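We did not get these values from a lab; they are worked out from the coordinates using the rules stated. Nothing here was measured: the structure is a model prediction, and the numbers come from that model. Here Cβ is always computed from backbone atoms with ideal geometry, including for glycine, and neighbour counts include all displayed protein chains.
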Amino acid sequence: MAKRIGSFAEITSQYDAVFCDVWGVLHNGVDPFPKAAAALEAARGEGLTVVLITNSPRIAPLVVDQLRHIGIQDGAYDRIITSGDVTRGLIAEGPKKVFLLGPERDIAIIEGLGVERVDAAEAESVVCTGFFDDEKEVPEDYTAMLKEFQSRNVPMICANPDLVVERGHKMIPCAGAMAAYYNQLGGATRIAGKPHTPIYEAVLETAKELRGDFPKSRILAIGDGMPTDVRGALDYGLDLLYISGGIHANEYTLNGETDEAILHAYLEREKATPKWWMPRLA
């Protein structure tokens with residue numbers, strides 16, 4: 001059963017490295033969680049290596065810029081590995097005629113890989129970073145396009161496995177929801193971000209580059225997303241600090257606070273076994 005902690009500092013001495021989620025732990029897409037960033041910065045001051053692990057489809061330098069804009073400063077972490085970073089490997093390995101399904105701001109994910117950006121009719125693969133308008137659209141709005149891709153056996157490379165994300169106080173669908181719908185229609189998908197192994201291997205390699213070798217038992221993962229952060233960390237064999245105030249908060253919130261009994265029932269139902277939990281990283 002997960003143990004409630006009141007402060008991140010209570011457990012940092014047990015670890016050498018922290019693999020920390022970003023969206024839902026450090027910010028909500030609009031506002032920063034200053035206590036979370038301060039907790040990570042304090043852990044770094046004690047000698048821990050902090051690598052941020054995010055399902056953002058953007059490459060790491062763009063996420064650094066985004067974090068600075070939101071108000072998360074560089075001192076909170078040592079390095080960032082994004083789903084966009086590891087997805088570029090899948091794109092490079094795949095067919096060269098690529099259709100980008102997502103906002104224009106995500107174009108960097110296909111740049112410099114020797115692929116040709118084409119329209120939907122010519123596409124030999126689809127790189128999905130999200131929706132053209134995630135404030136208004138749902139996957140079903142793309143049914144005709146996706147069925148046409150499926151009829152030609154066009155694979156979808158999903159650059160953000162998250163199903164939803166909190167933007168301010170709204171839940172916004174992500175590329176993972178599009179990939180799940182494409183699967184329902186019979187389409188094939190390829191994914192490297194959380195909860196899949198490639199992104200964890202990339203983060204572990206980065207952490208060891210920064211501090212040398214250390215056992216996996218000395219790694220703590222932090223996250224709030226059940227199908228991505230939680231499942232990925234546990235499947236990779238990591239200790240997990242679960243942040244209950246994230247995207248699943250409505251499952252166990254009572255009178256405005258996490259109800260511990262309901263939370264444990266939720267975790268048991270999900271067959272999830274985090275070692276620790278707290279409402280927000282602090």
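Sorting Arg231, Arg167 on the 10 Å Cβ count, fewest up front, what's the list?
Arg167, Arg231
Relative contact order, percent, of the chain when contacts are C-alpha pairs under 8 Å separated by at least 6 residues?
Answer for the chain is 23 percent.
Note the full-extension length gain between Arg269 and Arg4 as 0.36 nm times their separation in residues minus their Cα-Cα distance, in nm to one decimal.
Contour length minus Cα-Cα distance gives 93.6 nm.
Rounded to the nearest 500 deg cm²/dmol, what is the calculated helix-only ellipticity per residue at 222 nm for the chain, with -39500 (n - 2.57) per DSSP H run of length n ≥ 4?
It lands at -8500 deg cm²/dmol.
Can you give me the convex hull volume of the Cα atoms of the chain, divided per residue and expressed in Å³?
It comes to 125 Å³ per residue, whole-number rounded.
Given the options Ser56, Ser244, Ser13, state which has the largest fluctuation in a GNM of the chain using a 10 Å cut-off (strictly under) for Cα springs.
Largest GNM mean-square fluctuation: Ser13.
Excluding the sites themselves, what is the longest stretch of the chain that contains no GluC sites (Glu not before Pro) in a DSSP loop with at most 11 other C-beta atoms within 10 Å?
136-282
Sorting Val98, Val25 on the 10 Å Cβ count, fewest up front, what's the list?
Ascending number of Cβ neighbours within 10 Å: Val98, Val25.
From the backbone phi of the range 266-282, what are the Karplus-calculated ³J(HN,Hα) couplings (6.51 cos²θ - 1.76 cosθ + 1.60, θ = phi - 60°) in whole Hz, Gly and Pro given as x?
Coupling constants for the range 266-282: 5, 4, 5, 4, 7, 6, 10, 10, x, 7, 9, 8, 7, x, 9, 5, 7 Hz.
Give, rounded to the nearest 20 debye, the magnitude of the charge dipole that the chain has about its Cα centre when Lys and Arg contribute +1 at Cβ and Asp and Glu contribute -1 at Cβ.
For this selection, approximately 420 debye.
For the range 169-247 and the range 44-100, write down the distance between their C-alpha centroids in whole Å.
Between the Cα centre of the range 169-247 and that of the range 44-100, the gap is 13 Å.
Quick one: Phe8, Phe19, fewest Cβ neighbours within 10 Å first, how do they rank?
Sorted ascending by nearby Cβ count, the order is Phe8, Phe19.
Please name which of Gln184, Gly94, Val164 has its Cα lying farthest along the dipole of the range 86-191 towards the positive end, using unit charges on Cβ (Lys, Arg +1; Asp, Glu -1) and the Cα centre as origin.
It is Gly94, whose Cα lies furthest towards the positive end.
Among Met171, Met145, Met226, which one shows the highest mean-square fluctuation when the chain is modelled as a Gaussian network with alpha-carbon springs under 10 Å?
Evaluated over the chain, the most mobile residue of the options is Met145.
Would you please give the residues with an amide H less than 5 Å from that of Ala221, counting only those at least 5 places away or on a separate chain, with H modeled from the backbone geometry?
Phe19, Asp239, Leu240, Leu241
Using a 10 angstrom cutoff on alpha carbons, build the Gaussian network for the chain and name the most mobile of Ile80, Ile53, Ile11.
Ile11
Would you kindly derive the ³J(HN,Hα) couplings of the range 79-87 from the backbone phi angles with the Karplus curve 6.51 cos²θ - 1.76 cosθ + 1.60 (θ = phi - 60°), listing them in order in whole Hz, with x for Gly and Pro?
Along the range 79-87, the couplings run 7, 10, 10, 10, 4, x, 4, 6, 5 Hz.
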